[in-house]
Amino acid sequence: MRLLRRLLRHLNSSLTLSEAEVTRINDKYFTIGPVLIDRLRVREGLVYAGRYLGRDRRLFEPSSLLLQMLASEPGTYKVHVGRAAAWLFVCGRDLFEESVEEIEPRLILGAHYLVVHGGRCVGYGRYETAGERRVLRNLFDLGDFLRRES
Amino acid sequence: MRGREFFLGRYAELGQRLTGEETTPQAIRVNPLKAGDGHVIEVLEGEGVRLRKIPYLDHGYRVIHSGFSLGASLEYLLGLYSIQETASQLPAQMLRPGPVDVALDMCSAPGGKTTQMAAYMGDQGVLIAVDSSRDRLYAVENSLERCGVTNALIYHGDAAAIDLGTRFTKVLLDAPCSGNYATDPKWFSKRTMRDVEANAARQRRLLGRALELLEPGGTLLYSTCSLEPEEDELNIQWLLENHDAELAPINGPGAPGLTSVFSEELDPRVSRCRRLWPGGGTQGFFLAEVTKP
């Protein structure tokens, strides 16, 4: 939970998740709605339940479900990009400033931003300087689905 | 009892002349939890992909041409569509669980049909997925996450023995089976009748358990991608003889279930099942819709 909360803070999210709302299964975190909770009568063998939030790694590794929730939330830090930039980002590349079409609310060096294309979140990164240039350093992207299965 | 000539001879005896070279074209299924068909088709066609709607599928499209891997596109990673063979889109479509159902997917890996069931449920109700392979369940977890599914519980366990403390209104049993040559070029050199018989025995255990887990009035959709009647019509005949079950007629592509199998005459109700031979735009497939009085 500590790493998850740190990620939410970094992205300026107002989402609050209490310990009671979050279910941990192995190293993964979930929220489970009341209808599903009512049918959760056996814990043995359970590996996944409800809305997957992500898992603990060195940094918190967010799920695409959590990223999309955060992207839909007003106030979270976001950069909006076109399809080509979104594709490069999910291939693991960093984003150069000129690829960014819009920043919410403004560029803050060191802050974390969700990367959004057409209203859908493809990952997140941190604004840094790289020599003379400013880049959004890729910290996590949806290409992870392919890396997990390779 | 193995080899190409042996199996093709069996199919001929069942009334189907096949070459053994039939294949199935790639197909995708649009995920309505994430996007409308029109949007996905427009984006993919903008990237040079050519698709053709499959008339009997709700969200299925045959891939006519693609210059890149459709399993590694931006839209795939966003969960807007999945790659799913044409016939394998039929079981969940025919079962059609709704938002108030308590549904079970008994052998869920790799998760294509599980996410399809969730889509029919509008990500509401309760969907429980089970598989006996922990390694293959990682693919189910990834599919649920990618496709935006939040109404599911996943269990690692043997579906023939599992007790989850609940009964279900809809059950999908897409049973582990011998498969067919249309999706596996080495199939003829791998499979023997001993495999078929072992699979049929396992499938009967699963079928019996599926019926126990079903609420009265509920529906069980049994499917395999096997062409062997021991795993298909003969299992349904066994179910009718040994359990209180009824068959609902299935309309759609393919042919009625066989009622005459190697000189054995089956219950005429078995014709309500559906059998798809490879070569008609799909792989080999079998479907039975079982209801519990």
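The values are calculated or read from the model by the stated rules, or taken from the named source; none is laboratory data. Values in this document were obtained by computation on a predicted structure and should not be read as measured data. Positions of Cβ are backbone-derived with ideal geometry, glycine not excepted, and every protein chain shown enters the neighbour counts.
How many of the residues in the range B:140-170 are under 30 Å from A:Asp144 (Cβ atoms) and facing another protein chain (nearest Cβ under 8 Å)?
Final tally of qualifying residues: 15.
Specify which of the listed residues (B:Gln116, B:Gln203) is within 27 Å of B:Pro25 (Cα to Cα), modelled with pLDDT of 95 or more and away from chain A (no Cβ under 14 Å).
So the residue among B:Gln116, B:Gln203 that is within 27 Å of B:Pro25 (Cα to Cα), modelled with pLDDT of 95 or more and away from chain A (no Cβ under 14 Å) is B:Gln116.
For the range A:39-73, give me each residue that is over 15 Å from B:Leu144 (Cβ atoms), within 12 Å of chain B (Cβ to nearest Cβ) and in contact with a helix residue (DSSP H, G or I) (Cβ under 8 Å, 6 or more places away or on another chain).
If the condition is that a residue be over 15 Å from B:Leu144 (Cβ atoms), within 12 Å of chain B (Cβ to nearest Cβ) and in contact with a helix residue (DSSP H, G or I) (Cβ under 8 Å, 6 or more places away or on another chain), then A:Glu61, A:Pro62 are the ones that fit.
Taking the range A:96-145, which residues are within 14 Å of chain B (Cβ to nearest Cβ) and out of contact with any Phe, Trp or Tyr (no Cβ under 9 Å at 6 or more places or on another chain)?
Answer for the range A:96-145, where residues must be within 14 Å of chain B (Cβ to nearest Cβ) and out of contact with any Phe, Trp or Tyr (no Cβ under 9 Å at 6 or more places or on another chain): A:Val116, A:Gly118, A:Gly119, A:Arg120, A:Cys121, A:Asp144.
Could you tell me whether A:Leu36 is within 26 Å of B:Leu144 (Cα to Cα), more than 10 Å from every other protein chain (Cβ to nearest Cβ) and assigned to a helix (DSSP H, G or I)? Please lay out each step first, then the result.
On the way: within 26 Å of B:Leu144 (Cα to Cα): yes; more than 10 Å from every other protein chain (Cβ to nearest Cβ): no; assigned to a helix (DSSP H, G or I): yes.
When the stated conditions are applied, A:Leu36 does not pass them.
Go through the range B:71-86 residue by residue and tally those that are assigned to a helix (DSSP H, G or I) and surrounded by 20 or more Cβ atoms within 10 Å (Cβ to Cβ).
4
When you go through (1) touching a Gly at 6+ places or on another chain (Cβ under 7 Å); (2) at the interface with chain A (Cβ under 7 Å from one of its Cβ atoms); (3) of a type in the set (A, V, I, L, M, F, W, C) one by one for B:Leu137, which number turns out not to apply?
For B:Leu137, the exception is condition (1).
Counting only residues that are of a type in the set (A, V, I, L, M) and in a strand (DSSP E or B), which one in the range A:74-113 is nearest to B:Gly46 (Cα to Cα)?
Within the range A:74-113, the match that is nearest to B:Gly46 (Cα to Cα) is A:Val81.
Being within 14 Å of chain A (Cβ to nearest Cβ), over 22 Å from B:Pro229 (Cβ atoms) and either assigned to a strand (DSSP E or B) or of a type outside the set (S, T, N, Q) (or both), is that true of even one residue in the range B:57-70?
yes
Identify, from the list B:Ser271, B:Ser226, the residue that is in a loop (DSSP other than H, G, I, E, B) and either polar (S, T, N, Q) or out of contact with any Phe, Trp or Tyr (no Cβ under 7 Å at 6 or more places or on another chain) (or both).
Details: B:Ser271 fails: in a loop (DSSP other than H, G, I, E, B).
The match here is B:Ser226.
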